[in-house]
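Working notes for the structure below.
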Amino acid sequence: MMERTAGSTLNRRLRLPFVGITLSLVATVGLALVATARLSDLLHTTTAKTLPEMHYTLRISEQGGLLAASLPVLVASQDHSTLEQQWANIQASVRDIGNYLERLEQNEIAGSARSIIATDVHDYTQILGELRQATAERLDLDAELSEQLSQVRAIHANLSDAIGPVMYGVSSLSRLLARREARRLSGEIQDRFALARTIRQALETVRDRLIADADEAAVRAALAQLAEIVTETETRELALPQLILQAAADAQPLTAVQRQALLTASQDAIADNLSAWRRFLNSKLEGLRSAIPELLDDSLADMAQAFDLKAEGNLLLALLITATKADQLSLLANLNDRANRTLASFRQAAKGFAETDLAQRNPVLANTIVELDGRLSSTLEPSQGIFGLRRRQLGLAERIDHELTAARDLANRLTERIGTIIGQIERNTEDTRARVLQERNLTFGFLFVVCLVGLGLSFLIALVARRALRRDELALIRARDEAEQANRIIEAVAYAARHLLGAAHWEEALGAVLARLGEATGSIGVEVLQQSQQALDDPLERCFCWQRSCTPGADTDQHQHQEPITQGQDQCLDLSPWLPQLMSAHPALGAIEEVPQPGRARLAAEGIRSLLMVPIFVNRAWWGVICFFDREPRDEWPKRFEEALIGAADTLGSAIAQEGAERQLRQAAAVFEDTKEAVIIADAKLRILAVNRAFSAITGYRAAEIVGRTPEPLISEEQLSTFFRRVWRQLQGKGQWQGEVVARRKDGSRLPGWLSISRIENGPGKTIQYVAILSDITAIKQSEQQLAFLAQHDSLTSLPNRLLLNDRLHQAIARRQRSGQQLAVLFLDLDRFKNINDSLGHEIGDLLLKQVAQRLVRRLRETDTVARLGGDEFILLIEEVACVNEVVSIAQQLLVALQQPHRIAGRQLFISASIGISLCPQHGDNGEALIRNADAAMYEAKASGKNTFRFYTASMTEAAIARLALENDLRGALEHGELELFYQPQCDASSGRIIAFEALLRWRQGDTGNLVPPDRFLPAAKDAGLMIPIGTWVLEQACRDCRAWRNAGFDEIRVAVNVASVQLEQGDMLSVVREALAAAELPGSAVEMELTESSVMQRLDEIREIFFDLRKLGVTLAIDDFGTGYSSLSYLKRLPFSIVKIDRSFVGDIPMDTNDMAIAHAIVLLAHRLQMTVVAEGVETPEQLEFLRGVECETIQGYLFSPAVPSSAVLPLLRGDGYNFRAEQG
């Protein structure tokens, strides 16, 4: 009743002011509508007049641009179809311009310019038509000129086809005659060389037997052989002294004087025979040089005539092609004159060719050239020839350029006229725009006045309404509003309970709940604050961070999500002033002034004056607060508001606790299902209640097949009787058991596993469930078995290793002692396996070893053993041997099997083996002795040529002992200074001056004082691993000796040292050289290092940097024994060699063997092309020196100059004391 009275009083007091305000507002709005109507009319008039002018003018401008753009396209047309298409497009554009001009006929702006634009367009179209006609003529001329040029090219092709066979025939005939003459002379030279070699061999046999003081029968046999040659050949060709011929015919015994005379005569005959052979060879070569030019003179004359004819034809073709590209009439006239002169020269050349013998014998060829002359004349015809057509083209091009200039001028004029029209339209448009802006401002003024009046009237209404209400009426309204707000808060709390407890995740519903609570309480913001990590760690720190926040009126689906914020940032909020009240589960109301910094500054910046904090408890633990922010300061909140908000906080706490419990349940279920171990849950009576997926994967049982049963199907039979008692006893005592078990899968297979069982109680002594975890340890067991296998087997071939072999050999010997039968041990080593390993790589080598192992296993019985000791060594144990022939048969089968091709990685490899055999008990009664003796027999097989087998003998042990003694003595030789260096000089081939010495290693045994040959002790040094220390000693000693020579005044002498491949593989080769040079105070240029081809190629990529570092030191690098190793030329350009040494095998038979002469000459030429010098080894005769000088070999080394001498003899050799340079005798 009170509310209805207050409302009627308010209506009565406000009725009259409302009527006056409404009339004033209607009048103001009417004025604004009138101004808006005027503005609309102006815009309509302007649009109807200006836009058509602008539209048609722009369309005319567009078509005019198309006409201008079509001009170069029309002129550049390459065929008539394209030309006509462009002309059609031009006509379409002209029609469109005419249509747009007719539509502008009534327009006051464009009407005056219409006739002028139409005239310009008509003129422009006429010029385009003329250009179309000129372009069509140009296309016709281009086609005709192209046809003429094609005819010229065809004429030139016919000329080449006619002349080419002539030149080829003449050249082929010349080569044929030259080859025929060369073959005839080559046969004659070869016959004579064979005769000279036979004579030399017979004479050398006589000389060698006389030198060796052979018996009478041997000398007579050699003389008889020489007499037989005399019988078959004319004596004058043999150039033999009569003394030798008489001795061959005489049957009387030879005296000492006769022997000496025969020796001297035979040596002279060898030298005379060699000189006769050189004279014969020079005479034949000189005859060949004079015969061949006579054969070629006539042919070359015919070829010259044919070449002149073809050259004139080529020049004429080039002139005609150049004429088609000429762009000036003067240049074209010069080319025409030159072409006429060239045609005359062509006719003169054709006339000369017709007079040759070849042309007269071939009338068809002569007629072809006459026909070509006539066709070339037609292409030079003044009017229709190539030059006449090109003149017409140039004139037409000048006409097209003139018309293009006129067309461009008209296009520019048309564009200027259209631009003038567009400018006039733009000026009119700008005037209209100014009028529209003026009307718009006037309209906006009226609207602004309406707004001001509306605001004033609204303020007046509010003022009147406030004065009209009494105090009791305001209190009544506030009470009603508070009741309505309380109802809204209760509805929001109920909404929160439904959504928070019903959502899958409470965070997903929190934004909508906070928005609903903020709207119900009238707060400007609602935030949920959770204790920070610092506050949880230290109760004295109470800093809270945002969890979710929402502002009333915001979109609840787009509420703000914020990450937790660490303490110390401005966003943290310290609630320590209200902690006691909040922790006691009571809401707290605070003012902005009570909030500690920096939170206070953040709240003040957002205009917040007070906040209400409602505590949140999760599982009876204080979790955080809900904060309600207000722009107005408050002293208190209604009690029923706080109680309702406490209910909302409790609901949020329950939702958080509920989600935590559900999360833990889900995690437990995920662990149960996703763990890799089998999990079994059973009740107190051991009936299985549940299993996970891993259980089914490991055992093969599905859950439906095992649930409800006891675990007995999972226990293997060997553990079934004792397993339950043992496990049950420990479970009852300790509550858990774990250990290794052998379970059983569904398919009956064994399952090694590790089992852990725990008892779960619900009070003391009340067992409710058992939980078992079974881990599959099959992989672990397999790894253990694999490790046990690898301990006794070779990892590459899976054959038994030395450990297992010794065990089996021990057992086999024990069995042999009981049975009385023999057993055999075969030591097998692959031949040249290192070459395959080094050249093709270890991967190929490993694959080859696997195939060898497989073939060996297939050839033996299952009771026999094949073992691999390492590398390429295998041991075969053969038991129950009845006789030795059985072992021989097995060895032969193994050798044949290994000789078969091995197909590896697309390669076909061949390999053989050497086998040593020892028998038990003949060669030993224990495993160590049998293997050692078989090893010695294998070395004997290697020494016998490989690819064979040998049985052990006592002499092999003696040889092995001798080899071991040699190695031991060699170690002592290095320590006791028994090694020494000999030096062989290297001389300049032209002057005979000594320029260097090669250091050659010698070993003088201390007990005997004898020199051991290098070919005997160097292999032993390599096997004993002494090559690196010996090589270091050689380098250091050679540097010391060279220092002594230089101190004696020979400053330019160089010393050459041989380097073994194993020295290159050591990592400190460079430092060894540096130290040796520094110790002797020598520059790097004083040392030359010689390497063989094989040592370089084996480690080319690895040692390449070492070579370049040595070269930087100044050391000279030489390639030794060139041509006898790999003979791969790639390393010569990849490595910094300066010297190439010709091996003595290519020098010894010079000049008798022409092949050796050719090889030596080729090596010298190759070295010189690569900027290298050449050293020839093994030079022993003046003839060899003469030949090497002739091919420009720079350096000579050999017995002709000096053998290798000890270091004490070097200085006398350098000074010339007692030295005879026999090279000068040649």
Task: Cα centroid separation, the stretch 602-677 to the stretch 1000-1072 (Å) - done: 93
Task: Burial ordering of LYS676, LYS946, fewest other beta-carbon atoms within 10 Å first - done: LYS676, LYS946
Task: Distance from the stretch 500-523 to the stretch 1158-1222 (C-alpha centre basis), Å - done: 107
TODO: Grab the Cα-Cα distance for GLN328 and GLU662, subtract it from 0.36 nm times how many residues apart they are, and report the gain in nm with one decimal.
DONE: 110.4 nm
Task: Mean Cα-pair separation over length for the stretch 675-781, i.e. relative contact order, pairs under 8 Å, 6 or more apart, % - done: 28
Open item on the list: Could you give the length gained by full extension between ALA704 and GLN438, i.e. 0.36 nm per residue of separation minus their alpha carbon distance, to one decimal place?
Closed with: 86.7 nm
Open item on the list: Can you give me the long-range amide H partners of ARG609? Hydrogens built in the peptide plane at 1.01 Å from N, cutoff under 5 Å, separation of 5 or more residues or another chain.
Closed with: ASP630, ARG631, GLU632
- [ ] Please name which of LEU1213, GLN1171, LEU1185 has its Cα lying farthest along the dipole of the stretch 1167-1214 towards the positive end, using unit charges on Cβ (Lys, Arg +1; Asp, Glu -1) and the Cα centre as origin.
- [x] GLN1171
Open item on the list: List the residues, sorted by chain then number, that are 5 or more residues from ALA743 or on another chain and whose placed amide H is less than 5 Å from its amide H.
Closed with: LEU751, GLY753
TODO: Could you go through the stretch 1109-1116 in sequence order and give the Karplus-derived ³J(HN,Hα) for each residue, using 6.51 cos²θ - 1.76 cosθ + 1.60 with θ = phi - 60°, rounded to whole Hz, and x for Gly and Pro?
DONE: 5, 5, 5, 5, 6, x, 5, 8
Open item on the list: Whole angstrom only: what separates the Cα centroid of the stretch 758-826 from the Cα centroid of the stretch 581-596?
Closed with: 74
Task: Relative contact order (%) - criterion: Cα under 8 Å, at least six apart; region: the stretch 757-797 - done: 26
Open item on the list: Using Cβ contacts closer than 10 Å as the measure, can you line up TYR1199, TYR939 from fewest to most?
Closed with: TYR1199, TYR939
- [ ] Using every pair of alpha-carbon atoms in the stretch 675-781, split the distances into 5 Å bins beginning at 0 and state the percent of pairs per bin, rounded to integers.
- [x] 2, 12, 23, 27, 20, 10, 4, 1, 0
Task: the stretch 828-923 shape via C-alpha gyration tensor axes, a/c threshold 1.5 - done: prolate
- [ ] Let me have the relative contact order for the stretch 793-952, percent, based on Cα pairs under 8 Å that are six or more residues apart.
- [x] 29
TODO: For the stretch 793-952, report the convex hull volume of the alpha-carbon atoms normalised per residue, in Å³, without decimals.
DONE: 99
Open item on the list: Please list, in order along the stretch 925-941, the HN-Hα scalar couplings obtained from phi with the Karplus expression 6.51 cos²θ - 1.76 cosθ + 1.60 (θ = phi - 60°), rounded to whole Hz, x for Gly and Pro.
Closed with: 10, 9, x, 4, 5, 5, 5, 5, 6, 5, 4, 5, 5, 5, 5, 5, 5
- [ ] Compute the Cα gyration tensor for the stretch 869-1025, then decide on rounded, prolate or oblate, letting a ≥ b ≥ c be the square roots of its eigenvalues: rounded whenever a/c is under 1.5, prolate when a/b is larger than b/c in the other cases, and oblate in all that remain.
- [x] oblate
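Computed from the coordinates by the stated procedures, all read-outs in this text should not be read as laboratory data. Small disclaimer: the values here were computed from a predicted structure and weren't measured. Methodologically, a virtual Cβ is constructed for each residue, glycine included, from the backbone with ideal geometry; neighbour enumeration extends over all protein chains shown.
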